[in-house]
Structures are given as structure tokens and as C-alpha cells.
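Presented below is the structure to which this report refers.
The values are calculated or read from the model by the stated rules, or taken from the named source; none is laboratory data. Small disclaimer: the values here were computed from a predicted structure and weren't measured. Please note: Cβ atoms are built from the backbone with ideal geometry, for glycine as well, and neighbour counts cover all protein chains shown.
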Amino acid sequence: MIQVLGASWALLLGLSLLMLGNGMMGTLMGIRGGIEGFSTFEMSIVTSAYFVGFLGGSRMAPEMIRRVGHVRVFAALGSFISAALILFPAIADPWVWTALRVLIGFCFSGVYVTAESWLNNSVDNTNRGKALSLYVIVQMLGIIVAQGVVTTGDPSGFILFIIPSVLVSISFAPILLSISPTPAFETTKAMTLRQLFGISPLGCVGIFLLGGVFSAQFGMASVYGTQAGLSVAQISSFIAAIYLGGLLLQFPIGWISDRIDRRILIMIVSLAGGVAAMVGLVFGNVFTLLLGVSFLVGGLTNPLYALLIAYTNDMLDGDDMAAASGGLIFINGLGAISGPIITGWAMGVVGPGGFWLFIALLMLATGGYAIWRMFQRPSTATTEDTVSYAPLTPSATAVAVEFAQEYYADNLEEAESEGESATYRE
């Protein structure tokens with residue numbers, strides 16, 4: 001771990017500053033939108049716009065990088081982010097905000113693709129898993145620390161919007177000044193969605209539903225807090241608890257997933273997350289209990305993304321893992337786009353509790369579908385047949401997922417070289 005940190009500290013520092021800026025904006029949008037009098041539906045459109053841009057950026061950024069190179073793409077997109085961030089308080093119009101969020105989502109996706117490709121190039125097969133772990137830790141800590149920064153200023157003013165702009169601008173320095181040769185950028189031809197669904201129906205359905213859960217947490221949590229009458233400090237603590245749970249439970253759930261049937265664990269985690277969200281629906285007015293619920297829900301939903309990818313990989317040969325990553329990202333992105341809109345509609349119908357109701361229904365649906373799949377195609381594998389879990393968050397781009405797929409494929413090759421069969425079939 002120390003070796004990886006020594007080789008990649010500048011990249012990880014830059015990425016942490018990017019996550020600080022993005023984490024602040026995710027919270028500020030909901031708080032400032034409430035101050036400006038935007039409706040829940042308008043804020044759901046603004047939130048969804050980010051994921052529209054993010055999905056578009058994840059698909060277009062690789063071609064941009066191939067045409068003009070990593071450095072130019074990184075610098076150009078980062079400049080657009082810095083400029084767009086300071087326009088939000090200047091133009092308080094929901095449709096202008098929607099356009100800006102599309103732009104920011106697109107640019108952040110492209111920036112992440114560039115930085116992640118550099119990170120992948122800085123490690124080798126022996127430490128790829130450790131690099132992924134550090135990357136997840138940096139992402140989560142960036143969002144958690146961002147919630148504390150939000151409490152240092154007045155969300156009705158300009159300062160809190162200037163800070164993330166500055167953070168994003170500063171993040172370029174450690175990354176660009178530490179990069180020597182730029183890595184060759186190659187993308188794998190994606191597997192068709194029909195093929196992917198045929199291989200792992202549970203993986204596809206679960207990834208789609210989880211996209212809605214994650215986008216609701218990332219984009220609508222502050223809208224929920226505003227509707228529920230929480231203070232800025234309480235909203236920040238509430239959101240921080242979600243990602244603190246995701247950070248602390250990522251690795252224990254990963255450890256368990258390597259030792260039991262992953263479908264059983266997907267079922268347990270999903271149903272437990274659904275029940276916890278229902279507790280939030282009923283007792284969300286008790287703030288201390290709300291913090292506990294948000295920690296548990298975040299701790300169960302965030303690792304579920306990596307768990308579903310690991311489960312899908314158990315059905316794939318090593319050569320197909322990278323090809324599957326594009327389809328998984330696209331399916332997750334579709335769910336993420338629809339999540340805030342449905343959440344906003346639910347909150348408009350039943351009040352703030354619609355936030356928890358939406359998450360609960362999606363998590364329970366994932367758990368129920370896992371049970372149904374176990375009756376459709378019983379498992380014939382043992383726990384020794386599965387590939388090792390790799391930590392990932394739902395905000396990962398296609399590059400990070402391919403990064404993880406390389407880790408899975410390396411493990412598969414290592415197991416096969418030792419005479420073991422590491423391919424898991426339903």
C-alpha cells in the first residue's frame with residue numbers, strides 16, 4: 001500500500017480535491033435550490049441533468065483523448081468546470097442550472113476518465129487491487145470532508161460556490177506536474193446489452209436499480225434535508241454519514257463476498273438496505289436515528305455496486321470482463337438519470353419521506369429479484385470458484401471499471417496457472 005501511495009500520491013491528491021469540489025456541489029445544489037424557491041420537481045431535473053452529462057462524457061471522453069491527448073482534455077474540461085461552478089449563484093434559474101449541470105457532469109466524467117487512466121498506468125498487476133482500494137478511500141473521504149466545508153459559509157452567498165471552483169482548479173497542479181509520459185489510451189469493444197443480460201440477468205437488473213439509488217443519494221439527499229427542515233449543519237452530517245457508511249462497510253462486505261455465494265449476499269445486503277430505508281421513512285424526524293439510518297443505508301448500497309460487478313464477472317471468462325464493463329456502466333447510467341426524477345416525483349406526492357420510499361422500493365426489488373433468480377438458475381459453484389472482490393463506487397467511470405476488470409482477469413489467470421478453475425457459473 002505504501003508503495004502504491006508513493007507512486008501515485010499526486011494523482012490521488014488531485015482526485016481528492018476533485019471529489020471535494022464535486023461533493024460540495026452535490027450538497028449545495030439542494031440547499032441553494034431551496035433558498036431560491038425551486039420546486040422539488042425542478043431540483044430533480046437539475047440533479048438528473050448531471051447524470052445525463054456524466055453518461056455522455058463517459059462515452060465521448062475516450063474519443064476526445066485519442067484525438068487531442070490526455071493533458072489537453074484534462075485541462076480543457078477542468079477549466080469548464082471551474083467556470084460553470086461560479087455561475088450557479090449568479091444565475092438563479094432552474095433551466096440555466098440544468099444546462100450547467102449537464103456541462104459539469106460531462107466535464108467531471110471526462111476528467112475522471114483521464115485521471116483514472118493515468119492511475120491505471122501507474123500501477124502493475126501486483127498492486128492493482130491496492131490502488132483500487134486507495135482510489136475508493138480517496139473518493140469517499142473527499143465527499144465526506146466536503147460536507148464539513150459546506151458548513152463553513154453561507155449557502156445563500158457566493159463563497160461556497162467559489163471554493164469548489166478553486167479546489168477543482170488547484171487539483172490540476174499535482175496531477176499535471178507529476179505526469180511524465182501519458183499512457184496509451186485504448187478502449188475495449190463493448191459486449192452487447194443482450195449478451196450481457198443473457199450472461200447475468202441479476203447483474204444487469206441490479207446495476208440498473210442501483211443507479212437510481214446512488215443518484216438519489218448523491219443528488220437528492222440535500223433536497224430531502226431541505227424539505228425536512230434540517231439545518232445546513234444537519235444536512236451536511238446526514239450526507240457525510242451516507243458516505244462514511246459506504247467507506248467503512250465496503251471492505252467487510254467485500255471480504256464476506258469472497259467466502260459465500262454472492263447471490264445470497266446480494267439478497268441480504270439489498271433487503272437489509274431496503275428495511276433500513278423504511279426505518280428512515282418512518283423515523284426520519286428523529287435526527288440521531290436519521291444519522292444511523294443514513295450510515296447503514298450508505299454502507300449497504302455503495303458496496304453493492306462492486307458486489308454486482310464481481311458477481312457478473314464470476315459468469316465471465318477473463319477475456320470478456322473488460323468488454324462487459326461498457327454495458328454495465330451504460331445500464332447504471334440509465335438508472336442514474338431516471339433516479340432523481342422519480343425521487344422528486346415521490347417527494348412531491350408523499351413529502352420528504354418519498355426519498356426513503358424510493359430507495360427502499362429499489363433495494364427491496366433488487367433483493368426480491370435475487371431470490372427469484374436463485375430459483376431460476378441454481379448455483380453449482382463453490383466459493384473457491386469465484387474471483388476476488390475489487391472495491392468500486394457507483395461514481396466510477398468506464399476506465400475505473402475496466403481497471404477493476406483487469407484486476408479480476410489477473411486473479412483469474414493466476415488461479416488458472418495454479419490449476420484452479422476460477423470461473424463461476426449459475
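A few comments on the model shown:
- From the options A336, A396, A324, residue that is at pLDDT below 70, crowded, with 23+ Cβ neighbours inside 10 Å and within 21 Å of the chain's Cα centre (by Cα): A396
- Test result for I266, under 18 Å from the mean Cα position of the chain (by Cα), modelled with pLDDT under 95 and farther than 14 Å from I371 by Cβ: no
- No other residue among F238, F295, F287 is surrounded by 24 or more Cβ atoms within 10 Å (Cβ to Cβ), at pLDDT 85 or above and touching a helix residue (DSSP H, G or I) at 6+ places or on another chain (Cβ under 7 Å) apart from F238.
- Any hit, segment 10-23, residues being within 30 Å of W345 (Cα to Cα) and without any contact (Cβ under 8 Å) to a residue 24 or more places away in the chain: no
- Residues in segment 83-121 that are of a type in the set (S, T, N, Q) and under 23 Å from S44 (Cα atoms): T98, S109.
To keep it simple, each residue is scored yes or no on (1) touching a helix residue (DSSP H, G or I) at 6+ places or on another chain (Cβ under 8 Å); (2) aromatic (F, W, Y).
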{"site": "G34", "(1), (2)": "yes, no"}
{"site": "G37", "(1), (2)": "no, no"}
{"site": "F41", "(1), (2)": "yes, yes"}
{"site": "F54", "(1), (2)": "yes, yes"}
{"site": "M60", "(1), (2)": "yes, no"}
{"site": "G78", "(1), (2)": "yes, no"}
{"site": "L85", "(1), (2)": "yes, no"}
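- Residues located in segment 364-382, provided they are modelled with pLDDT under 85 and surrounded by 14 or more Cβ atoms within 10 Å (Cβ to Cβ): S379, A381
- Count of residues meeting criterion [closer than 30 Å to G34 by Cβ and assigned to a helix (DSSP H, G or I)] in segment 321-375: 31
- If you check M25, M64 for being assigned to a helix (DSSP H, G or I) and crowded, with 22+ Cβ neighbours inside 10 Å, only one passes: M25.
- If the condition is being among the aliphatic types (A, V, I, L, M), at pLDDT 90 or above and over 14 Å from L100 (Cα atoms), then segment 29-66 contributes I31, I35.
- Looking at F80, F88, F51, just one residue is within 19 Å of N332 (Cβ to Cβ) and touching a residue at least 12 places away in the same chain (Cβ under 8 Å), and that residue is F51.
- Of residues in segment 241-284 being touching a helix residue (DSSP H, G or I) at 6+ places or on another chain (Cβ under 9 Å) and aromatic (F, W, Y), the one surrounded by the most Cβ atoms within 10 Å (Cβ to Cβ): Y243
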